[in-house]
Amino acid sequence: MDGNEISKADAGRPLRVWRNARILTLASPVRGLELIEHGVIVVRGTRIASVGREADMPSALSEAAEVFDCQGRIVTPGLIDCHTHLVFGGDRAMEFEMRLAGATYEEIARAGGGIVSSVKATNALAVEGLISAALPRLDTLLAEGVSTIEIKSGYGLSIEGELNMLRAARALEKVRPVRVVTSYLAAHATPAAYRGRNGDYITDVVLPGLERAHAEGLVDAVDGFCEGIAFSVEEMRRVFDRARGLGIPVKLHAEQLSNLGGARMAASYGALSADHLEYLDAEGAAAMAASGTVAVLLPGAFYAINETQKPPVQALRDAGVPIAIATDCNPGTSPLTSLLLAMNMAATLFRLTVEECIAGATREAARALGLLSEAGTLEAGKSANFAIWNIERPAELVYRIGFNPLHARIFKGEQVSA
Ligand code: DI6
Ligand code: FE
């Protein structure tokens, strides 16, 4: 269904109004965290019809079929987690213990642990099992006001395994009130049978798997892990060339553990985002700015692997690169199911401002998913996804640690329980 069909479907629906709200629209970077006091959000069907001050919208309340009183609470766009590996089997608690005993993430990966061990646990599950495994994680995110989530494949590493992960990701949208966006990440690690033969793995699995997944309508974007322990810039080009041929946007895990120039290469394909970026240099930032590629910062992974190199936040700002924040929820390097905590970490560890953190989990996260025309801000025409919070100041969303101030979540114009 495209946007026009939706608005046609919404056209005859009654108006519903949320009033007495202090609204953070995030619509304009210039107005920053300015609140609309005594604000009103008018919703028709699944979409926002208008947003403004009650005093300026005299007819809004009288025409409404239903009026909800926000009782002076702050309302933001529904949060968007734009980088997760939410679907997987098993866990990696044992590796966590190994790291505490001194092993590094790269050593564990090279010894056959790491991503490859999650592949075994993931491929042991059918689609139903993958859905069940992911649901508790998804519910935790939704309970914090998340309305849109990106979910990657990448723990199948076989054509069927990758397809099953993407089918599970798509199915989550049917069983919970959430928008799911998928990324095909077969180029995440090399399975044991292809050790040392990345090129063959790309030829035999990654490229034909992409064709299959795309034909099934399972792929919204193509991703890769560009790293010394994973895929080189040249190998990723082969994958991106195929994505381009199929008309699918790309994104990349780049410069997480070393600087291979992945972000620059991704930018040359007009990538939606380059993610992690701890080792990004000024040249990479300039390339991202020129292509409008969003920097997705993942402080949960930085924290969990005890990284000390911080992403070059000031260089990103200076170059004018949009910055988003996500959980990177995954069993290895970021077993994190709190976007609010990721925002707190981005502020405390990376020194992002409160405004950057809130925009990073709303407007800029939508941009990173190519969804800015329908999500990420509270503006007429967008999906009526918002979060109502028990807070006095926007900064409370970022400042608290391990506290969930969500009062209610509205998804497509309906209040939903989680
Ligand atoms: N970078 C990460 O941090 C995760 N994937 C990636 O490409 C790690 C995934 C894992 O260790 O299971
Ligand atoms: Fe990741």
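The values are calculated or read from the model by the stated rules, or taken from the named source; none is laboratory data. Quick caveat: nothing in here was measured; it's all calculated off a predicted structure. Note that we place each Cβ from the backbone using ideal geometry, even for glycine, and neighbour counts take in every protein chain shown.
Does L277 qualify as being touching a helix residue (DSSP H, G or I) at 6+ places or on another chain (Cβ under 7 Å), surrounded by 21 or more Cβ atoms within 10 Å (Cβ to Cβ) and closer than 21 Å to E107 by Cα?
In short, yes.
Checking the conditions here, which among S183, S258 is at pLDDT 95 or above, buried (at least 22 other Cβ atoms within 10 Å of the Cβ) and either out of contact with any His (no Cβ under 9 Å at 6 or more places or on another chain) or not in a loop (DSSP other than H, G, I, E, B) (or both)?
Answer to the selection: S183.
What's the number of the condition S132 fails, among (1) touching a residue at least 12 places away in the same chain (Cβ under 8 Å); (2) over 19 Å from L218 (Cβ atoms); (3) among the hydroxyl-bearing types (S, T, Y)?
In the conditions (1) touching a residue at least 12 places away in the same chain (Cβ under 8 Å); (2) over 19 Å from L218 (Cβ atoms); (3) among the hydroxyl-bearing types (S, T, Y), S132 misses (1) alone.
Restricted to region 330-344, and to residues that are within 16 Å of ligand 1 (Cβ to nearest atom) and of a type in the set (S, T, N, Q), which residue is modelled with the lowest pLDDT?
Here the answer is T333.
Quick check: is even one residue across region 295-303 assigned to a loop (DSSP other than H, G, I, E, B) and closer than 25 Å to F403 by Cα?
yes
Name every residue in region 155-180 that is touching a residue at least 40 places away in the same chain (Cβ under 8 Å) and assigned to a strand (DSSP E or B), in order of residue number.
Across region 155-180, the qualifying residue is only R179.
Filtering region 345-354 down to residues that are touching a Leu at 6+ places or on another chain (Cβ under 8 Å) and in a helix (DSSP H, G or I), which residue is farthest from ligand 1 (Cβ to nearest atom)?
Among residues in region 345-354 that are touching a Leu at 6+ places or on another chain (Cβ under 8 Å) and in a helix (DSSP H, G or I), the one farthest from ligand 1 (Cβ to nearest atom) is V354.
Given (1) part of a helix (DSSP H, G or I); (2) over 23 Å from the mean Cα position of the chain (by Cα), identify the lone condition not met by G196.
Result: G196 passes all but (1).
Output the number of residues of region 72-109 satisfying the condition of being closer than 22 Å to I358 by Cα, more than 17 Å from the chain's Cα centre (by Cα) and either in a loop (DSSP other than H, G, I, E, B) or charged (D, E, K, R) (or both).
Selection size over region 72-109: 2.
With region 360-418 as the region, which strands (runs of 3 or more DSSP E) entirely inside it contain at least 2 residues that are under 20 Å from the mean Cα position of the chain (by Cα) and either of a type in the set (A, V, I, L, M, F, W, C) or within 29 Å of R13 (Cα to Cα) (or both)? Walk me through how you get there before you give the answer.
Numbers: elements: 386-389, 406-411, 414-416.
Counting at least 2 such residues, we get 386-389, 406-411.
Determine if region 86-104 includes at least one residue that is over 28 Å from G145 (Cα atoms) and crowded, with 20+ Cβ neighbours inside 10 Å.
Checked region 86-104: at least one residue is over 28 Å from G145 (Cα atoms) and crowded, with 20+ Cβ neighbours inside 10 Å.
What do you reckon, is E150 in contact with a His (Cβ under 7 Å, 6 or more places away or on another chain) and crowded, with 20+ Cβ neighbours inside 10 Å?
Taking the combined requirement at face value, the residue satisfies it.
How many residues are within 13 Å of ligand 2 (Cβ to nearest atom), over 16 Å from the mean Cα position of the chain (by Cα) and crowded, with 23+ Cβ neighbours inside 10 Å if we restrict to region 293-330?
Residues flagged as within 13 Å of ligand 2 (Cβ to nearest atom), over 16 Å from the mean Cα position of the chain (by Cα) and crowded, with 23+ Cβ neighbours inside 10 Å within region 293-330 amount to 1.
Within region 226-244, is even one residue within 16 Å of ligand 1 (Cβ to nearest atom), surrounded by 15 or more Cβ atoms within 10 Å (Cβ to Cβ), among the charged types (D, E, K, R) and within 18 Å of N330 (Cβ to Cβ)?
Yes, that holds for at least one residue.
Does region 245-271 hold any residues that are of a type outside the set (S, T, Y) and either on the phi > 0 side of the Ramachandran plot or more than 16 Å from ligand 1 (Cβ to nearest atom) (or both), and which are they?
G245, L246, G247, I248, P249, E255, G261, R264, A267, G270
Table: residues versus (1) over 30 Å from H188 (Cβ atoms); (2) surrounded by fewer than 24 Cβ atoms within 10 Å (Cβ to Cβ); (3) at pLDDT 95 or above.
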| position | (1), (2), (3) |
| --- | --- |
| A346 | no, no, yes |
| V354 | yes, yes, yes |
| A368 | no, no, yes |
| T377 | yes, yes, yes |
| A380 | yes, yes, yes |
| A384 | yes, no, yes |
| E392 | yes, yes, yes |
